[in-house]
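Student: The structure's right below; bear with me while I get my questions together.
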Amino acid sequence: MSTESVLRIVWIYPDLLSTYGDRGNLLILARRAAMRGIPVETYSVRSDQPMPSTADIYLIGGGEDGPQALAAQRLINDGGLHRAVNQGAAVLAICAGYQLFGHSFFAKGAKCPGLGLLDLHSDRGETRAVGEIRGDIDPRLGLPPLSGFENHGGRTHLGPGAAPLARVTAGVGNDGQTEGAWHGKILGTYSHGPALARNPAIADLLLRWAIGADSLSPVDDTWPEKLRAERLAAAGA
Ligand code: GLN
């Protein structure tokens, strides 16, 4: 990895975890940084490669149970992501990636150890949660409502060390009441769609966390706002 002034974004294990357009999160972050004149380098790190620990933002996506369990095992064995988080990297973890940030999750009927980087654990629900999701984000984060698409069999239970990302207003999320979690600079959510296309304010939050800025110069969000309006309305229908 190169010079300090470049914003380095890692997309974790595209070969295992990338459903429902989750790669879009990488494209959107890089684009929104570039629009502010922030030099960006992006890295796609496959599951057979060592995980660098010196990047600024890490993105991890959703996946089916088998790849999810394998990804967790490899990330635990590798240790690079733990080092990155301990050094203050920002993280966006989606669905399977969100579950594996917790202490444990279920895949193919078996309980699997997670990374333990978010104080939560996941079990299975009686039905799959599939469809539009919408929620009011924790006011401390100062963001507009969350919009996404969810498709998961797991249900997630937060411990005292993690705060819900949002209160659910449509869909299921963690348990029908809350959706996602955050702690420090780690955000986890069940929202695909991809999440950052539907929630550009979350992209900007991750950028602000990564560069240590209170605000960023505004960009033209006409099209993302049209998408949000359409999807938020669809979730309410
Ligand atoms: N395999 C997990 C579940 O079904 C996550 C699914 C996903 O990432 N879409 O709960």
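Student: When the Cα atoms of the chain are enclosed in a convex hull and the volume is divided per residue, what value in Å³ results?
Tutor: Convex hull volume per residue, Cα atoms: 106 Å³.
Student: Further, regarding this structure: Which distance in nm do the two modelled labels at residue 76 and residue 31 give, with both placed 7 Å along the Cα-to-Cβ direction?
Tutor: Going by the 7 Å Cα→Cβ label model, 3.7 nm.
Student: Build a GNM of the chain with springs between Cα atoms under 10 Å: which of 17, 207, 216 gets the top mean-square fluctuation?
Tutor: With Cα springs under 10 Å in the chain, the top fluctuation among 17, 207, 216 is at 216.
Student: So in the chain, what percent of DSSP beta bridges are antiparallel if you round to the nearest 5?
Tutor: 60
Student: Among the complete DSSP H segments of the chain, which ones combine at least 15 Å of alpha-carbon extent along their axis with a mean Kyte-Doolittle hydropathy of 1.0 or more?
Tutor: Counting only whole DSSP H runs, the qualifying helices are 200-211.
Student: Turning to a different aspect of this structure: By DSSP, what percent of the beta bridges with both residues in the range 105-237 are antiparallel, rounded to the nearest 5?
Tutor: So the antiparallel bridges amount to about 100 percent of the total.
Student: Let me ask something else about it. Keeping every protein chain present and rolling a 1.4 Å probe, give me the accessible area per residue for the chain in Å².
Tutor: 42
Student: Normalised by the number of residues in the range 1-123, what is the relative contact order in percent for Cα pairs under 8 Å and 6+ residues apart?
Tutor: Relative contact order of the range 1-123: 25 percent.
Student: Which value in deg cm²/dmol, rounded to the nearest 500, describes the helix-derived mean residue ellipticity at 222 nm for the chain, given -39,500 (n - 2.57) per DSSP H run of n ≥ 4 and division by the residue count?
Tutor: Rounded to the nearest 500, the figure is -8500 deg cm²/dmol.
Student: Between residue 126 and residue 177, 0.36 nm times their residue separation minus their Cα-Cα distance comes to what?
Tutor: Extra length from residue 126 to residue 177 when fully extended: 16.8 nm.
The values are calculated or read from the model by the stated rules, or taken from the named source; none is laboratory data. Not measured: the values here are computed from a predicted model. Please note: Cβ atoms are built from the backbone with ideal geometry, for glycine as well, and neighbour counts cover all protein chains shown. Areas reflect the complete protein model, heavy atoms only, side chains present, ligands, DNA and RNA absent. Shrake-Rupley method; radii C 1.70, N 1.55, O 1.52, S 1.80 Å.
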